[in-house]
Amino acid sequence: MHSRAILFRAYGLLTLTSLIWAGNSVAGKIAAGHIDPILLTTLRWSIAALVITALSIKHLKADWPVIKRHWPLLFGYGASGFALFNILLYSALTQTAAVNVMIEQAGIPLIIFLGNFLLFRIKATPAQLTGFVMTFAGVLITASHGDIHHLLHLKLNIGDVMMLGAILVYGGYTISLKWKPMIHWQSLLAIPCIGGALTCVPFIIWRAFTHPFDTPDATGWGVVAYAALFVALLASATYIAGIELIGPNRAGLFINLLPIFGVFLAVLILREPLHGFHLVALALVCGGIVLSEWSRFRPAKAT
């Protein structure tokens, strides 16, 4: 049984992760026309790799024997969960509606549930499944602007196939963290960041030849700074730490806070309107997470 202190720490870390990721969605809207999305991904992970490596020299030296044994796995984390997921996500947004992407991304917790069951025979509890249904309903309400009938008119295209690939990649990355080696968290972040940056190289070369892009302006560089320091470094670290504390099945549900936080950040930063259905969706997502975690947070009854 987790202590309440550990639970609150995990909830705080995972909520902060979702808030930063939601901020990335707003930053992505701001970045449109200021920086190419593939260039943004490449710069994001390259800067993150340089920063975290510079800060982690001491730990990288101490962990080097373990890193040498596990470098394919560590590079794989960066290639999949860091670089490939974001490339697929950004590419999907150029081909399909943001509503589709929002709904499809909410399927990541389900991928985590299924993957954990197939690989490790870890079963999702009834409370977790009910919580998932509630959080997914909240995402549907947000995506449909409170009118579920709008979902009947969604059109699927190649962008949705890309997004399906993206959620499979990120679900697989989350599940595979179960195999992460016992090294300092800075080392665990530095090597995947390097892997993510290297994975972006062939994509940015292809992009430069097929879709030439301009140098980012001041706004574009501002988005790069946020994406590198907050999204790439801070959120990646808090997500890994949250999974370490409560496991991937439980941590995955917090991903469905993204569209809710995204709405409220858009209201505050982009001055978009706030509607009643947004509050209903927030209540459903938070209620689903609380229901999933309630049995662990509740004190045991005396016997």
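The values are calculated or read from the model by the stated rules, or taken from the named source; none is laboratory data. Given the structure is predicted, the values throughout are model-derived calculations rather than measurements. Here Cβ is always computed from backbone atoms with ideal geometry, including for glycine, and neighbour counts include all displayed protein chains. When the accessible area is computed, the model is the full protein with side chains, heavy atoms only, and any ligands, DNA or RNA have been set aside. Shrake-Rupley method; radii C 1.70, N 1.55, O 1.52, S 1.80 Å.
Once the Cβ-Cβ distance between I6 and K58 is put in as r, and R0 is 30 Å, what FRET efficiency do you end up with, to the nearest 0.05? Show your work: numbers first, answer last.
Working: r = 27 Å, r/R0 = 0.90.
Efficiency for this residue pair is about 0.65.
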For the stretch 3-75 (alpha-carbon point model, no solvent) the Debye-based log₁₀ I(q)/I(0) at q = 0.27 Å⁻¹ works out to -1.08
The correct ranking of D147, D214 by accessible area at 1.4 Å, largest first, is D214, D147
So for R0 = 51 Å, FRET eff. of T219-V66 from the Cβ-Cβ r, to 0.05, ends up at 0.80
Packing-ranked peptide list from 163-170, 249-256, highest mean Cβ count within 10 angstrom first, is 249-256, 163-170
Here the Kirkwood hydrodynamic radius of the stretch 231-276, Cα-based and in Å, equals 12.2
Extension length gain for L229 and L50 (0.36 nm per residue less Cα distance), in nm, is 63.4 nm
Magnitude of the Cβ-charge dipole (Lys and Arg +1, Asp and Glu -1) of the stretch 170-294 about the Cα centre, nearest 20 debye, reported as 260
Shape descriptors of the stretch 192-303 over alpha-carbon atoms, Rg and Dmax in angstrom, are 19.8, 70
Surrounding charge for I112, neighbours by C-beta under 13 angstrom, Lys/Arg +1, Asp/Glu -1, total +3
Note on the chain: C-alpha Rg/Rh, Kirkwood Rh, two decimals, gives 0.97
Per principal axis, largest first, the Cα atoms of the stretch 147-251 extend in Å by 42, 42, 25
Filtering the chain for DSSP H helices with an axial alpha carbon extent of at least 15 Å and a Kyte-Doolittle mean of at least 1.0 returns 37-55, 108-120, 126-143, 158-176, 185-210, 236-246, 258-269, 276-297
Summing -39500 (n - 2.57) over every DSSP H run of at least 4 in the chain, dividing by its residue total and rounding to the nearest 500, the 222 nm mean residue ellipticity is -24000 deg cm²/dmol
So, with points 7 Å from each Cα along the Cβ direction, the F120-V133 label distance in nm works out to 2.5
Semi-axes (Å, rounded, descending) of the ellipsoid equivalent to the stretch 51-172 per its C-alpha gyration tensor are 34, 20, 13
The rounded separation in angstrom of the Cα centers of the stretch 211-258 and the stretch 1-50 is 2
Plugging the Cβ-Cβ distance of H211 and E272 into 1/(1 + (r/R0)^6) at R0 = 30 Å yields, to the nearest 0.05, a FRET efficiency of 0.55
